[in-house]
Amino acid sequence: AAGGLGATAFWMLLSLCTGLLEMTGAIAAEAHGAQEPHQVSRINVQGLWLSFGISVPTMVLIWHLDRIFRLLGQQTVIVDGAMAYLHGIVWGLPAALGMFVFKEVLTALSRPRLVMGLMGLSIPLNIGLNYGLIYGQWGLPRLELAGIGWASTLVFWLIFGIAVLVLRLSPALRQLQLLRRWWRCDRNILTEIIHLGLPLCIDYGTEMGALTAAALLMGVWSTEMLAAHRIVMTTTELLLMFSWGFAYTAAMRTGHKIGAGAPRAARRVAHVNLLMNLVLVVILAIPLWVLPQTIAGFYLDVNLSENATTVNLAVTLFKVGVVFQIAQGIRLISAGTLQGLKDTHLLATVDVFAHWGIGIGLGYMLGHRLGWHGIGLWWCLTLGQIAAAVILTKRFQQLIARRVNLASSESPYDTTS
């Protein structure tokens, strides 16, 4: 329980910070498309400075989260365990955010292999250090919960250090000069990253807050309802990782084409990503519709009578989850395309309305006031995703069409894309 509380708090705050930094990649993609390598380098450096700058107040907040936990009524023994974990992992926050900036910029440059390799390396390192520091194996100190935090910190800094060395020493990556003049501050780039990233920070906080509120509502109705909700939500979140990948592609490739002055190509990129992702999410949704009880069996023993209520509820919610997953997949691609177009403010506004106005607000009315409970809440969460998908898709199409018309008026005889 203490580990879960500490991990939830840390990763929520980490996600909020990454939201502020996420536009680093889209801005770098546009500069790369415009063939401005020195601008890409400046964007990377400013992203790193911003990541370290926001780390300091966030670390102070994490260090004193015990006061917030107690205000929320958590038991002292749980708070003490959570803070032991947090006081270990907090020192790795700057490296984790710095690595996130590298991921954004290298993806924008179509060089994701270094990041993918380092993320793959981090998994066995984390497993080994967790085991060693939790139980005091191989001559390491026995730190228990604190050991998990310190293991993550060590891995964060090791992976970040390796990334810096590779960028400095690898002939293929050294020519990118991503750390060129790292000591210089560019206020214009910093302002742009913050201006475009702040809505994403709000967006992520809105989504996480809404999902937390949904879980709390489920817990009010019944323990079985909460368990079924977690089964369905965890499954859909796992399957939507593919859509997140397509969304990254949409953001970076759209940025490339816009930077290169090819809005027609940007429109094709957006539509191809949307179509490919739609096909994928429909295929991935088929098991949710056809084999819901089998999937529930990955989480619970479906043959035990005491699990029957939870399993039946999960089977019902999976039917709604099919529509939820498809709508969410479309919304993610549209959101990624808007990031590539550097249009994030409407995105945040729409998602606040979709998650809280329709999802939680209307879901509370149907679920709690009218007694529809979990099925009512899930349909409202789904309706929120549908509304956001429609609005954001229409928005990016309008923006790209505007750029295409502008390009046509400037070059009426140019038929290239």
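The values are calculated or read from the model by the stated rules, or taken from the named source; none is laboratory data. The structure presented is a predicted model; accordingly, all values stated were derived computationally and were not measured. Positions of Cβ are backbone-derived with ideal geometry, glycine not excepted, and every protein chain shown enters the neighbour counts. Side chains included, ligands, DNA and RNA excluded: accessible areas come from the protein's heavy atoms. Shrake-Rupley method; radii C 1.70, N 1.55, O 1.52, S 1.80 Å.
Once C-alpha pairs closer than 8 Å and six or more residues apart are averaged by separation and normalised to the residue number of the chain, the relative contact order reads 19 percent. Highest average first, the peptides 366-375, 320-329, 180-189 ordered by how many other beta carbon atoms sit within 10 Å of their residues are 320-329, 366-375, 180-189. Of the chymotrypsin sites (Phe, Trp or Tyr not before Pro) found in segment 265-310, those in coil by DSSP whose Cβ has at most 12 other Cβ atoms within 10 Å are Phe298. Ranking Ser409, Ser334, Ser15 from most to least accessible surface, computed with a 1.4 Å probe over the protein chains only, gives Ser409, Ser15, Ser334. Working out 0.36 nm times the residue gap between Ser15 and Trp221, then minus their Cα-Cα distance, what length gain in nm do you get to one decimal? Here the segment from Ser15 to Trp221 would lengthen by 71.3 nm. Projected label points at Asn303 and His64, each 7 Å from Cα along the beta carbon direction, are separated by 5.5 nanometres.
Summary of the geometry: segment 118-181 and segment 293-366, compared by the centres of their Cα atoms, lie 33 Å apart. Run down the aspartates and glutamates and flag those whose C-alpha is under 18 Å from the C-alpha of Lys394, throwing out any fewer than 8 positions away in its chain. List returned: Asp343, Asp351. For log10 I(q)/I(0) by the Debye sum over Cα atoms at q = 0.09 Å⁻¹, computed directly from the structure shown, the correct entry in [x] -0.73; [y] -0.57; [z] -0.63 is [z].
Rounded to whole numbers, the Karplus 3J(HN,Hα) couplings from phi for segment 337-351 are 4, 5, 5, x, 8, 6, 10, 10, 5, 5, 4, 5, 4, 5, 5 Hz, using 6.51 cos²θ - 1.76 cosθ + 1.60 with θ = phi - 60°, and x at Gly and Pro. Spin-label model, Leu275 to Lys319: label points 7 Å out along the Cα-to-beta-carbon direction sit 3.3 nm apart.
Straightening the chain between Val290 and Gln137 buys 50.5 nm, computed as 0.36 nm per residue apart minus the Cα-Cα spacing.
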